Structures are given as C-alpha cells and as structure tokens.
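The values are calculated or read from the model by the stated rules, or taken from the named source; none is laboratory data. The structure presented is a predicted model; accordingly, all values stated were derived computationally and were not measured. So basically every Cβ, Gly included, is an ideal-geometry build from the backbone, and we count neighbours across all protein chains shown.
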Amino acid sequence: MSLLKIIESDFRKYKKYGGNFFAIVFFTQGFWAVFQFRIASGVYKNVKVPILRQILLFFCLLWQKLVEITTGISIPASSKIGDSFYIGHFGGIILNSKTIIGNNCNISQGVTIGVSGQGENRGVPIIKDNVYIGANSVVAGNIVVGNNALIGACSLINNDVEDNSVMVGVPAVKISEKGSKGYI
C-alpha cells in the first residue's frame, strides 16, 4: 500500500470517530503523531540515497521531537504499523522502535509498548490486527497479541494473548473471548 493510501486510511479512521477535515488536521494530536510517523517511516523505508536519507531523517527526527513535546506521543520511524491506526486520546504514549502493530488497531492514552524480559524472553511485542489497547496499559516483552484482542485499561500484558481474548488486570488474565468487536 502506498504512503498516501496509508495516510488516507488513518484519516478515514479518525473521521469515523467524528470530526471534519479541519478538526482532525488542526486539532487532533493523535492524528498529528500518526501523520508524522507515516512521513518519517516513508523516508526511513524508501529513501535509498545515503546522504539524502540522513538529511531527511534528521529533519524527521526534529519533527518527531516537536510532536513528542507537543502531544506526549512517541512513535519512532522504525516502528512497523499497519493501516487504519488510531490514537484515541493524546498523552503519554510510548512505542519502542522495534514495535510491530497490525492493521486497524486503536490505542488509548498512557499506553506503553516496549521491551522487557530476560534471555530468550527479552524483546518487543508483536500486535496483530484489530487490537484495542485501553488507557494506561503496558504491553511488553517477546510476546504476540492475537487478532481481535482487547486489552482493558490499566492492564499489564507480558504473556502471549490468544485471538479474540479480552484481557484485564496486573498481570492480565483472560476474562472473555468476545474480543475487540465494537471497540475498533
């Protein structure tokens, strides 16, 4: 999928939750962070001329830091995020540079997706498609969060999550197999 198509899919997702072009582009901090990530990621993946790539990545890094300071959302250019990505509220969102997130995922404020574990368990999560991550949740370690999973607010996910699971608590436990339908 082209960069413009991915940005369009993100915009459509924001529009689905309400708002017009003006409100989304100028007043929605989550969209600012996602848009900045898409441009920086495009440079990171597609610019092959070394000196040009370094110069553009430097400016993308400055732009990323400005967005981080303004919104409290950190999404490194080297992260891999599928289309239709949505950040519901701004503030305190940190993604590891090796984060992998599938298509059509939503995250809320205060979410951390990071490295954790020891030995072969050390790593960064892989989050599959149609996943909803609630406010102030932490997803960390060499784990896989399955398709259509829902992670409740203030949960700690440090083990694999099966498809269609609803996980809550610290550490999180499965309470249902209803999944993320209705939250995405």
Could you say whether any residue in segment 63-85 is part of a strand (DSSP E or B), outside the structural domain of residue 132 (by TED's automatic domain parsing) and in contact (Cβ under 8 Å) with a residue 60 or more places away in the chain? no
Run residue 169 past the list (1) within 18 Å of the chain's Cα centre (by Cα); (2) more than 25 Å from residue 33 (Cβ to Cβ); (3) of a type in the set (Gly, Ala, Ser) and report the number of the one that doesn't hold. (1)
In segment 59-91, what count of residues is obtained for those that are surrounded by 16 or more Cβ atoms within 10 Å (Cβ to Cβ) and at positive phi? 2
Residue that is surrounded by the most Cβ atoms within 10 Å (Cβ to Cβ) [pool: residues in segment 92-118 that are among the hydrophobic types (A, V, I, L, M, F, W, C) and outside any loop (DSSP other than H, G, I, E, B)]: 107
Residues satisfying the stated conditions in segment 119-152, i.e. among the hydroxyl-bearing types (Ser, Thr, Tyr), assigned to a loop (DSSP other than H, G, I, E, B) and closer than 19 Å to residue 9 by Cβ: none
For segment 41-86, give me each residue that is aromatic (Phe, Trp, Tyr) and in contact with a Cys (Cβ under 7 Å, 6 or more places away or on another chain). 85
Out of the residues in segment 1-27 meeting the condition of being part of a loop (DSSP other than H, G, I, E, B) and closer than 13 Å to residue 85 by Cβ, tell me which one is modelled with the highest pLDDT. 17
